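Following: one structure in structure tokens, then a few remarks.
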Amino acid sequence: MKHKRLVRLTLTAVLAAAALALSLLERTLTAGLPFPPGIKPGLSNVIVMFACSALGLPFALGIAAVKSGFAFLISGAAAGFISLAGGIFSVVMMFVLLKLNKKNRMSYAGISVLSAVTHNAGQLAAASLIAGSALYLSYAPVLLVSGIIFGLITGVILNSVMPAVIKKGFDFFNI
Amino acid sequence: MKKALFSITALFIAVLMLFTGCSAAAVHNEIFAMGSVLSASAYTNDKQAQTLFAGISDAVYGLDKLISPTVENSDVERLNRNGSAELDAKTSKFLYDCVKLCGICGGTLDITLGAATELWGFQTDSPSKPSDEELEEARLHTGIEKFTLNTEKNTAALEEGVRLDPGAFGKGAALDEAYRVLKNAQIPATVTFGGTVLAFGRQPMKKAWKIGIRDPFGTANDCFAELKIENPDKRTGTFISTSGSYEKCFTENGKTYHHILAPDTCMPADSGLVSVTVKSGAGITADALSTACFINGLNAETLQTLGYFHAEAVFVFADGTYYVTEGLRDSFTLSKDCTFTEHVYEE
Amino acid sequence: MRNDRKRRIRPGDIIITAVLLAAALLLMLIPRGKACTAEIICSGETVYTIELSSVKEPYKLDLENGVTVLVERSAISFFCSDCENGLCVNTGRLTRAGDTAVCIPNETIIKVRGEGSFNAITGKISTYHEA
């Protein structure tokens, strides 16, 4: 038992580092491009989704927390809070969907889309809370669409990656 | 299981739709000052916005009470009436800035046009063309050298018959005051006052402010072009001011006269332009330069002056052509149904 | 969970994406730009808020300060005013969200609520002393 938990913990740490690396990569790549504020490809969500699926809710939340801490260090308390809100909502959504997916009606694509959209909604809600008004909500359609698009992308990525991971003999800790 | 899926998504959509039904993004406010209307739009919650508006209101009225030539006992009114006056430090600073601008702009900008503007009667509702003798007399009573300002003692004096008209500077200066209030509050906002706009900070969730330039040949709500203004941070403000001959003009004996007077002739400026828009980092500069550029027309001297202030401009000519200075071309977009063509300008 | 079946797109994915896309489209179709609600503000107080979309016949509103406003199905305008310059009336009909008109001597503003295409317009309202 202890062994399993330790392995999971270590794996979480490594994954968190990988998630941060992906975030950084994403920032550099999209820096010059005309991305409206708040829209991100969210490549690191592949990792978070994997963690949620393979390690369990608490560990996935841990990765989300690390990502928020990162945002806090780089861009300040507001950014950290917004990231945390989006992260928590999306991870919980991922967990709920994975649980509900026993009959396998949807692949990681659908889960990813919903969790990306939830992530954006959480961020929007947090930003509005900070500003104290429904300031940002006219932005909702944009975030919805970008959540769908990028959610599909990351979901399809994980769809392709998972079988390879399983093939390698990765032992999924039964959540 | 499908049911659960559908219910989640339905709930989700419901929440989102609830969101978009909510209140508007910006809080608006209008006040009347300096013979015009000042409208502000603040991107924050209602409470903070009202405090902001009160602050801006106080600052603008405060300035109005000092520099308006029509407010009884204002510094400028007393100066005009008595030929000399003691000034508030703020008035003194304002007049100093005006004089400096007049100096740099050569003969195209003059704060001592008071006698001429009164003669034409543009501040009344029945302006008329003065006779040649009246104009000659007005010219004798115009000239920045006839105005003395002592910034140490905060006093000023005017030669006999000379009057100050801070019209080309006042609203820009008022926006500078609003800018100070905004800098303290650090709230993203736009403030529009008498043809000049201050875009302050960064609009939430958007890259740049979209500022429309009024179509000189259309009505007040028609724009012929748009400027994308992107402030680098939440403490920067950009001022955009337009001077145009389309408002405040009258026709007499078949000829149309507008209200932007050239200081050397005391007649409406005849430079072929109908509107000039200037973008600058200071309100009083933008306001003054839009007038100066209008009077001087599009030439090397004007472009040099703009360059000196690191300002950019858009010129619209009476023949339906326009010219945008280099630094502003990236931010400038002509409206879809606008039929203006580019004005060919050669050094 | 054993996920060897997850490598393909499944019907659930498509349903979710379709539903969300529909929602997004719906949200984006929320009417923007056309005049819906107008406000008449006298000396700082909003005296009238009018739903332009529910106006059947055009009618005039005589305000206490000598201004008459014309209200139509998707437009509002200054009809006449006792101010001498008549700039307010000259502004014409306000038909888009964000359009405004002002009668400065009577301190009256009429505007159509909503976000226009611009955050602000420069050169819009000048005054007597603009020199």
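The values are calculated or read from the model by the stated rules, or taken from the named source; none is laboratory data. Here the structure is a predicted model, which means the values were calculated and not measured. Virtual Cβ from ideal backbone geometry, glycine too; neighbours counted across all protein chains shown.
Worth pointing out:
- Counted residues, the range B:227-244 - those being more than 10 Å from every other protein chain (Cβ to nearest Cβ) and either surrounded by fewer than 18 Cβ atoms within 10 Å (Cβ to Cβ) or closer than 27 Å to B:Thr112 by Cβ (or both): 8
- Selection status of B:Leu95, more than 24 Å from B:Gly237 (Cβ to Cβ), more than 14 Å from chain C (Cβ to nearest Cβ) and assigned to a helix (DSSP H, G or I): no
- Residue list for the range C:33-43, restricted to those being at pLDDT 85 or above and surrounded by fewer than 17 Cβ atoms within 10 Å (Cβ to Cβ): C:Thr37, C:Ser43
- Search result, residues across the range B:153-171 that are surrounded by fewer than 22 Cβ atoms within 10 Å (Cβ to Cβ) and of a type in the set (Asp, Glu): B:Glu159, B:Glu160
- Selection over the range C:77-95 of residues that are farther than 20 Å from B:Phe32 by Cβ and facing chain B (nearest Cβ under 7 Å) gives a count of 1.
- Given (1) modelled with pLDDT of 90 or more; (2) not in a strand (DSSP E or B), number of the condition B:Thr242 does not satisfy: (2)
- Against the test of being closer than 26 Å to B:Pro232 by Cβ, among the aromatic types (Phe, Trp, Tyr) and either touching a Gly at 6+ places or on another chain (Cβ under 7 Å) or away from every other protein chain (no Cβ under 14 Å) (or both), the options A:Phe59, A:Phe35, A:Phe72, A:Phe89 yield a single qualifying residue, A:Phe72.
- Test result for A:Ile47, touching a residue at least 40 places away in the same chain (Cβ under 8 Å) and either surrounded by 18 or more Cβ atoms within 10 Å (Cβ to Cβ) or farther than 20 Å from A:Ser160 by Cα (or both): no
- So B:Lys248, is it surrounded by fewer than 20 Cβ atoms within 10 Å (Cβ to Cβ) and at pLDDT below 95: no
- Any hit, the range B:133-146, residues being touching a Phe, Trp or Tyr at 6+ places or on another chain (Cβ under 8 Å) and without any contact (Cβ under 8 Å) to a residue 60 or more places away in the chain: no
- Across the range A:92-112, the qualifying residues are those that are of a type outside the set (Lys, Arg) and farther than 18 Å from A:Ala64 by Cβ, and the one among them that is farthest from the other protein chains (Cβ to nearest Cβ) is A:Asn101.
- Among residues of the range C:6-26 being among the hydrophobic types (A, V, I, L, M, F, W, C) and closer than 20 Å to A:Ser160 by Cα, the one that is farthest from the other protein chains (Cβ to nearest Cβ) is C:Ile14.
- Filter result (touching a Gly at 6+ places or on another chain (Cβ under 9 Å), more than 7 Å from chain C (Cβ to nearest Cβ) and at pLDDT below 95) within the range B:194-213: B:Gly201, B:Met205
- Taken together, the residues in the range B:178-220 that are over 23 Å from B:Thr341 (Cβ atoms), in contact with an Asp or Glu (Cβ under 6 Å, 6 or more places away or on another chain) and surrounded by 24 or more Cβ atoms within 10 Å (Cβ to Cβ) amount to 1.
- Evaluation of A:Leu114 against (1) out of contact with any Gly (no Cβ under 8 Å at 6 or more places or on another chain); (2) in a helix (DSSP H, G or I) (one fails), failing number: (1)
- All positions within the range B:110-132 that are in contact with an Asp or Glu (Cβ under 7 Å, 6 or more places away or on another chain) and either at pLDDT below 90 or over 13 Å from B:Ile144 (Cβ atoms) (or both): B:Thr117, B:Leu119, B:Asp125, B:Ser128, B:Lys129
- Considering the conditions (1) of a type in the set (A, V, I, L, M); (2) under 15 Å from the mean Cα position of the chain (by Cα); (3) part of a loop (DSSP other than H, G, I, E, B), B:Ile211 is excluded by exactly one of them, (3).
- Restricting the range B:245-281 to residues that are of a type in the set (S, T, N, Q), free of Cβ contacts under 8 Å to residues at least 60 places away in the same chain and assigned to a strand (DSSP E or B), the residue that is nearest to B:Ala174 (Cα to Cα) is B:Ser280.
- Here A:Ser133, A:Ser146 are screened, and the one residue that is crowded, with 19+ Cβ neighbours inside 10 Å, at pLDDT 75 or above and either of a type in the set (Lys, Arg) or farther than 17 Å from A:Met94 by Cα (or both) is A:Ser146.
- Some residue of the range A:7-28 being out of contact with any His (no Cβ under 7 Å at 6 or more places or on another chain) and within 14 Å of chain B (Cβ to nearest Cβ): no
- In this structure, A:Gly80 does not satisfy being in contact (Cβ under 8 Å) with a residue 12 or more places away in the chain, closer than 22 Å to A:Ile153 by Cβ and assigned to a helix (DSSP H, G or I).
- Any hit, the range B:138-161, residues being within 14 Å of another protein chain (Cβ to nearest Cβ), in a loop (DSSP other than H, G, I, E, B) and under 26 Å from B:Thr256 (Cα atoms): yes
- The set of residues in the range C:113-123 being in a loop (DSSP other than H, G, I, E, B), modelled with pLDDT of 85 or more and either more than 7 Å from chain B (Cβ to nearest Cβ) or more than 18 Å from B:Cys293 (Cα to Cα) (or both) consists of C:Phe118, C:Asn119.
- Of the residues making up the range B:180-193, none is assigned to a loop (DSSP other than H, G, I, E, B), in contact with a Gly (Cβ under 9 Å, 6 or more places away or on another chain) and within 9 Å of another protein chain (Cβ to nearest Cβ).
- Residue that is nearest to the chain's Cα centre (by Cα), among those in the range B:75-84 that are more than 13 Å from B:Gly114 (Cα to Cα) and surrounded by fewer than 21 Cβ atoms within 10 Å (Cβ to Cβ): B:Arg78
- Cβ pairs under 7 Å, 6+ apart, first in the range B:321-347 and touching a residue at least 24 places away in the same chain (Cβ under 8 Å), second part of a loop (DSSP other than H, G, I, E, B): B:Tyr322/B:Phe340; B:Tyr322/B:His343; B:Tyr323/B:Leu298; B:Tyr323/B:His343; B:Tyr323/B:Tyr345; B:Leu334/B:Phe340; B:Phe340/B:Gly320; B:Tyr345/B:Leu298
- Test: B:Ala288 is in a helix (DSSP H, G or I) and buried (at least 21 other Cβ atoms within 10 Å of the Cβ): yes
- Looking only at the range C:66-119, residues that are closer than 18 Å to C:Thr46 by Cα and over 19 Å from the mean Cα position of the chain (by Cα) come to 7 in all.
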